[in-house]
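> Below is one structure. I have some questions about it.
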């Protein structure tokens, strides 16, 4: 088996979907006998400061001729100065979770710059691996031939049996899992819930609070403005075991993203038989079957509130959505590792 180098922007132990994908993949490939050496690149990404560009160039320069390497798409701007030369010397694949140009909150100039950079660099790779058909289509739009693009969805760790989520007295336990950044739409979620004060619910938001302090501050202000401080908890990041207990204890899962390259938290929630209310953003309709959730347009607080009101008020609907979520077809991490290895071997030739 061909050994792989995996180049990531920063530490692999970060708790976002892309890094969790990488960590699970490294473990699962290792269990299958595939050696993966992880390179944690220093510097600031995706803005790619001088430190980032230097770390990216040094990581590739340190690989022997003909070595196989996978570069995380978030780190792509760091390779702008060296990729053309190194792509002739090495066998390179990109792992693109979603287009950098589709990140929420970018100004028009940054969006154009990232789109031009992806269009310049992605065709240089031997192949591109994406977690969804939606992300693959965005890569193809940058000029990469469809035959050089492969879809490898993330795996999902299922519980031994789906929790029953029995009825209980008190407020419905709502859960949302996502780093608190603009793309995840927490402001829209809070605005939607502000319309539902008369209904019995309490929301726990689990996810990192350090990636965009300004947005976290705006979210806290919005919660206070709607007088929801006693009902909406910003819980920060939780370790895996505690997070899984939160899925098991919840009644309903919510995500108000403006874009998703897959939506790993949605798949985890379905594995725990949770009904879903989310947006139809990016690849979410690929991840969440129509039978398992209600999807609304991103950014539409009124539509999100209407969907939430319907599911909160109708226990039979929650049970029906939860049963469909529990039987949704979701790959295991071993499935993902097997497909990833096969795809890498094909793309790298």
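The values are calculated or read from the model by the stated rules, or taken from the named source; none is laboratory data. For clarity, every value in this text was computed on a predicted model and none was experimentally measured. Don't worry about glycine lacking a Cβ; one is built from the backbone with ideal geometry, like all the others, and counts go over all protein chains shown.
> Filter segment 229-239 down to the residues that are within 22 Å of residue 165 (Cα to Cα) and free of Cβ contacts under 8 Å to residues at least 12 places away in the same chain and list them by number.
Matches in segment 229-239: 239 only.
> Could you count how many residues in segment 273-291 are in a loop (DSSP other than H, G, I, E, B) and surrounded by fewer than 24 Cβ atoms within 10 Å (Cβ to Cβ)?
So the answer is 4.
> Criterion first (over 18 Å from the mean Cα position of the chain (by Cα), under 22 Å from residue 140 (Cα atoms) and part of a helix (DSSP H, G or I)) does residue 87 satisfy it?
Taking the combined requirement at face value, the residue satisfies it.
One line per residue, one yes/no per condition, for (1) surrounded by fewer than 24 Cβ atoms within 10 Å (Cβ to Cβ); (2) within 19 Å of the chain's Cα centre (by Cα):
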position: 236; (1), (2): yes, yes
position: 266; (1), (2): no, yes
position: 300; (1), (2): yes, no
position: 313; (1), (2): yes, no
position: 317; (1), (2): yes, no
position: 326; (1), (2): yes, no
position: 333; (1), (2): yes, yes
position: 345; (1), (2): yes, no
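> Can I ask one more? When segment 240-264 is examined, which residues are found to be assigned to a helix (DSSP H, G or I) and either buried (at least 24 other Cβ atoms within 10 Å of the Cβ) or touching a residue at least 40 places away in the same chain (Cβ under 8 Å) (or both)?
The answer is 243, 244, 246, 247, 248, 249, 264.
So that you can scan it fast, the table gives a plain yes or no per residue for (1) touching a residue at least 12 places away in the same chain (Cβ under 8 Å); (2) buried (at least 19 other Cβ atoms within 10 Å of the Cβ); (3) touching a helix residue (DSSP H, G or I) at 6+ places or on another chain (Cβ under 6 Å); (4) under 30 Å from residue 230 (Cβ atoms):
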residue	(1), (2), (3), (4)
127	yes, yes, yes, no
136	yes, yes, no, no
143	yes, no, yes, no
152	yes, yes, yes, no
160	no, no, no, no
186	yes, yes, yes, yes
194	yes, no, no, yes
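> If you don't mind, there's one more thing I want to ask. Within segment 56-90, track down each residue that is surrounded by fewer than 17 Cβ atoms within 10 Å (Cβ to Cβ), in contact with a helix residue (DSSP H, G or I) (Cβ under 7 Å, 6 or more places away or on another chain) and either under 17 Å from residue 37 (Cβ atoms) or not assigned by TED's automatic domain parsing to the domain that holds residue 18 (or both).
Result: 65, single match.
> Go through segment 109-166 and report how many residues are farther than 25 Å from residue 91 by Cβ and either part of a loop (DSSP other than H, G, I, E, B) or not assigned by TED's automatic domain parsing to the domain that holds residue 93 (or both).
Residues flagged as farther than 25 Å from residue 91 by Cβ and either part of a loop (DSSP other than H, G, I, E, B) or not assigned by TED's automatic domain parsing to the domain that holds residue 93 (or both) within segment 109-166 amount to 11.
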